[in-house]
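Trainee: Would you mind keeping the following structure in view while I ask a few things?
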Amino acid sequence: MRERVNIHLGLNGDLPTDTTIGKFTSVGMIRSEAVCRKVGAYITDPSCQSTMISYLREITNLFQGKQVWYRLIEMETGEINILKGCDYSVKEKTQMLGLRGLRRGLTFPNTLEVELSVLAEVYQSHPNLGILLPYVTNSEEVEKFLELLNKNGLDRIQLGCMLEIPSICYQIKSLIRLGITYFVLGLNDLTSLILGSSRSVNTYNQGNEAVWEFISELVVRVKSFNQTLSIGGYLEAEHLAKASLLGIEDAIIHYHFLGQTLGGHWRYCPGQISQEDFKKQILLRQKFIEDANRAPCLS
């Protein structure tokens, strides 16, 4: 398949090969929660902090002179509950709509400041590191985040925002005013929130007409402010084709999916897995998390 959008690398705690590194102009997203899963600990645990610092230093060194976007930890409460160093055990009936992403960080600011201190330690010698805010509801959340950012000496770091909750997609002007320079459409959660479907039910469909009609309007809105829009998620070739037709210029492809999504020589890149196998891994992890959290939920 010929790429009709600019492809940026997505990482889940991976270390890409030298050959792979040379083919990308940036790391469009580090899914930091993957590092937590590898060590079995939350960011409040020293083992997770030291592992995260080492990993970020290695990636920012490998991509020296290229932008590296770190997405703040984005996990549902049930998974955080079972990690070593969990700050607060939270029981929720609908975790997908609960304390996730920036929403959780602002609810428990002491923990968010721990994560920011990790980033500050890396950023002082690796200024190509940027922060990508996940699961943002409105610009007021970003304003509160900026206060914590300034306290931790990160007032000059590049900032990006995930566009996945529909409400934030109508606040592009406010986000620009607050210093956001990087916009990433999160196809996975955006699909769920438009269709009212979790990813595990048969009504979840990333190709749904309503989803792409919304995306089409979002592209126009973002471009009206002279900004570009990237798309991320579990992307397949058909999603890239649709994105290109709508005027989306950049896409983030996870390292393990390069072969399946792009085809060609990428099929021989080490560590490739199919999205079907990856989804099976997710279901197994969810089953483990549910079993570990089996207790009455708070209403």
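Trainee: So which residues in region 211-241 are over 26 Å from ILE180 (Cβ atoms) and over 19 Å from the mean Cα position of the chain (by Cα), if there are any at all?
Mentor: Filtering region 211-241 down to residues over 26 Å from ILE180 (Cβ atoms) leaves 236-238, 241.
Within region 211-241, ALA237, GLU238, ALA241 meet the criteria.
Trainee: Going by the structure shown, is GLN227 of a type outside the set (A, V, I, L, M, F, W, C), crowded, with 19+ Cβ neighbours inside 10 Å and either modelled with pLDDT under 95 or over 28 Å from VAL114 (Cβ atoms) (or both)?
Mentor: When the stated conditions are applied, GLN227 does not pass them.
Trainee: Sticking with this one: What is the residue count in region 133-153 for residues that are out of contact with any Asp or Glu (no Cβ under 7 Å at 6 or more places or on another chain) and in contact (Cβ under 8 Å) with a residue 12 or more places away in the chain?
Mentor: 13
Trainee: Working only within region 1-54, note down all residues that are over 29 Å from THR228 (Cα atoms), more than 18 Å from the chain's Cα centre (by Cα) and charged (D, E, K, R).
Mentor: ASP45
Trainee: Same structure, new question: Across region 122-166, what is the total count of residues that are farther than 23 Å from ILE53 by Cα, of a type in the set (S, T, N, Q) and part of a loop (DSSP other than H, G, I, E, B)?
Mentor: Adding up the residues that qualify gives 2.
Trainee: Just wondering, is there one or more residues in region 54-71 that are in contact with a His (Cβ under 9 Å, 6 or more places away or on another chain) and under 30 Å from SER197 (Cα atoms)?
Mentor: Checked region 54-71: at least one residue is in contact with a His (Cβ under 9 Å, 6 or more places away or on another chain) and under 30 Å from SER197 (Cα atoms).
Quick grid of which residues meet (1) at positive phi; (2) crowded, with 20+ Cβ neighbours inside 10 Å:
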position: ALA34; (1), (2): no, no
position: ARG37; (1), (2): no, no
position: GLY40; (1), (2): yes, no
position: ILE43; (1), (2): no, yes
position: ARG57; (1), (2): no, no
position: ASN61; (1), (2): no, no
position: VAL68; (1), (2): no, yes
position: LEU72; (1), (2): no, yes
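Trainee: Let me ask you something else. Go through region 172-193 and give me each residue that's among the β-branched types (Val, Ile, Thr) and not in a helix (DSSP H, G or I).
Mentor: At the first step, the residues of region 172-193 found to be among the β-branched types (Val, Ile, Thr) are 172, 176, 180-181, 184, 191.
Residues satisfying the conditions are ILE180, THR181, VAL184.
Trainee: Does TYR182 count as at pLDDT 95 or above, closer than 20 Å to MET75 by Cα and surrounded by 15 or more Cβ atoms within 10 Å (Cβ to Cβ)?
Mentor: Details: at pLDDT 95 or above: yes; closer than 20 Å to MET75 by Cα: no; surrounded by 15 or more Cβ atoms within 10 Å (Cβ to Cβ): yes.
The answer is no for TYR182.
Trainee: Continuing with this model, one more query. Identify, by number, the condition in (1) in a helix (DSSP H, G or I); (2) in contact (Cβ under 8 Å) with a residue 12 or more places away in the chain; (3) surrounded by fewer than 16 Cβ atoms within 10 Å (Cβ to Cβ); (4) not hydroxyl-bearing (Ser, Thr, Tyr) that CYS169 doesn't meet.
Mentor: Checking CYS169 against (1) in a helix (DSSP H, G or I); (2) in contact (Cβ under 8 Å) with a residue 12 or more places away in the chain; (3) surrounded by fewer than 16 Cβ atoms within 10 Å (Cβ to Cβ); (4) not hydroxyl-bearing (Ser, Thr, Tyr), the one that fails is (3).
Trainee: Okay, next question. Looking at this structure, is PRO166 touching an Asp or Glu at 6+ places or on another chain (Cβ under 6 Å) and not aromatic (Phe, Trp, Tyr)?
Mentor: No.
Trainee: I'd like to know if region 113-120 contains one or more residues that are crowded, with 18+ Cβ neighbours inside 10 Å, of a type in the set (A, V, I, L, M), more than 23 Å from ASN293 (Cβ to Cβ) and out of contact with any helix residue (DSSP H, G or I) (no Cβ under 9 Å at 6 or more places or on another chain).
Mentor: Looking for residues that are crowded, with 18+ Cβ neighbours inside 10 Å, of a type in the set (A, V, I, L, M), more than 23 Å from ASN293 (Cβ to Cβ) and out of contact with any helix residue (DSSP H, G or I) (no Cβ under 9 Å at 6 or more places or on another chain), one finds none in region 113-120, hence no.
Trainee: Taking region 88-107, which residues are more than 20 Å from the chain's Cα centre (by Cα), surrounded by 17 or more Cβ atoms within 10 Å (Cβ to Cβ) and either modelled with pLDDT of 95 or more or not acidic (Asp, Glu) (or both)?
Mentor: VAL90 - this is the single residue of region 88-107 that is more than 20 Å from the chain's Cα centre (by Cα), surrounded by 17 or more Cβ atoms within 10 Å (Cβ to Cβ) and either modelled with pLDDT of 95 or more or not acidic (Asp, Glu) (or both).
The values are calculated or read from the model by the stated rules, or taken from the named source; none is laboratory data. Since we're looking at a predicted model, the values are computed, not measured. Note that we place each Cβ from the backbone using ideal geometry, even for glycine, and neighbour counts take in every protein chain shown.
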